[in-house]
Every structure is written in C-alpha cells, then in structure tokens.
Amino acid sequence: MERFWSKVRKTDGCWWWTGGRTENGHGRFWREGRLDGAPRVSLELLIQHRIPRRLYILHRCGNPLCVRPEHLYVGRQSDNMRDAAIAGTLGCQKLLPEDVLAIRKMLARGVHPDRVANEFGITTRNVYMILRGRTWGWLTTRESRISPAQPKSQSVAALGILQAPPRQV
C-alpha cells in the first residue's frame, strides 16, 4: 500500500499521518470503496488481515494522528473510554476517577443521590448512571491508581494483535 505510506511522516517517536482527517483530528484513509481510520489501516497492513469493526484501534502514545504500529493496540470501546477518562479528554467530563470512587462510597453509606449530585455539581441522573455502572463502569479501586488493565475482550486475545496497556498519565 504505497499510497498509504506516502501519507506518513516517520520520526523517532510517532509516525505522523499527513493525509485526510476527521473533524476531531483523527487520520482517515480511503480504501476499497470506504473510509477507514488510518491507525486501523496501519495495523491491518502489518498483520495482513482485517480487524473486526467492533474492536477499536487505540493509541499508547495518545496521539490521534500516530500510525506507528508499536504505538497502537486493539481494544474495546470501554478501553477507549477508560483511556480518555484517565487522560482527561472525555469531552465535558466534570469528574475525576477519585470523584467517582467518593460518589460510590457516599451512596454505599446511604447518602441520598440528590445530595451527592449537588455536592459534585452533576445531575441526579448522572449519579444513578454511576451507581448502575452505565458510566464509569470500568473504574475499580485498582484502576483509580491509574494502572489500566489489559483489554479483556476474548476477541482481542484470540487475535493476539499488539495488545498493550495504554500510556501512563
């Protein structure tokens, strides 16, 4: 895929994608009649087969324009959300992992969700979503110390594709 690699500027660190980008700065590449993520194409060229669409291509380096295979790993959507939360890049995120653990402790002690919401400046709905694990479900006491777990997907393990924990922040 000469056309793909002609759009990559290799450095000692990241390999920078210089081709097309999405609105939020992620590399894109047109191939076989569809637009794919440049990091996905990079890994698929290395391993010479397709990675299932349900799996994400994540960056250990935190650079969305990096296509260096050694900086990429395959994970799930929850791994992507965990990485973003740890890096503080989850959009309009108001809470830190320590806040979520404090919220859980307050709820376990019987503090009313309305009071918890007021204390942290979030909605009661957000408190219930934390309580039910719909948001921040990946966060455990161990992960709150910022030692992310390996991606757990059996599909990822079965593929054996460059699995690595994300960068430490």
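Annotation: of all residues in the stretch 117-128 being closer than 15 Å to Leu96 by Cα and not acidic (Asp, Glu), the one that is surrounded by the most Cβ atoms within 10 Å (Cβ to Cβ) is Val127. The one condition from (1) more than 22 Å from Asp83 (Cα to Cα); (2) without any contact (Cβ under 8 Å) to a residue 60 or more places away in the chain that Arg40 does not meet is (1).
Residues Gly19, Gly13: which one is in a loop (DSSP other than H, G, I, E, B) and without any contact (Cβ under 8 Å) to a residue 40 or more places away in the chain? Spell out the reasoning first.
Numbers: Gly13 fails: without any contact (Cβ under 8 Å) to a residue 40 or more places away in the chain.
After ruling out the rest, the residue left standing is Gly19.
Against the condition in contact (Cβ under 8 Å) with a residue 24 or more places away in the chain, within 24 Å of Phe29 (Cα to Cα), assigned by TED's automatic domain parsing to the domain that holds Asn24 and surrounded by 16 or more Cβ atoms within 10 Å (Cβ to Cβ), how does Arg68 come out, does it pass? Criteria met by Arg68.
Provide a single number: the residues in the stretch 34-91 that are aromatic (Phe, Trp, Tyr) and out of contact with any helix residue (DSSP H, G or I) (no Cβ under 8 Å at 6 or more places or on another chain).
Total meeting the criteria: 1.
Condition check for Leu96 on (1) within 18 Å of the chain's Cα centre (by Cα); (2) surrounded by 15 or more Cβ atoms within 10 Å (Cβ to Cβ); (3) within 27 Å of Thr140 (Cβ to Cβ): one failure, at (2). Among the residues of the stretch 23-46, those that are surrounded by 12 or more Cβ atoms within 10 Å (Cβ to Cβ) and either under 17 Å from Glu70 (Cα atoms) or of a type in the set (S, T, N, Q) (or both) comprise Gly27, Gly37, Ala38, Pro39, Arg40, Val41, Ser42, Leu43, Glu44, Leu45, Leu46. Checking Pro69, Pro97 one by one, the residue that is under 30 Å from His49 (Cα atoms), out of contact with any Lys or Arg (no Cβ under 8 Å at 6 or more places or on another chain) and modelled with pLDDT of 55 or more is Pro69 and no other.
The values are calculated or read from the model by the stated rules, or taken from the named source; none is laboratory data. Given the structure is predicted, the values throughout are model-derived calculations rather than measurements. Cβ sites come from the backbone with ideal geometry, for glycine too, and all protein chains shown count toward neighbours.
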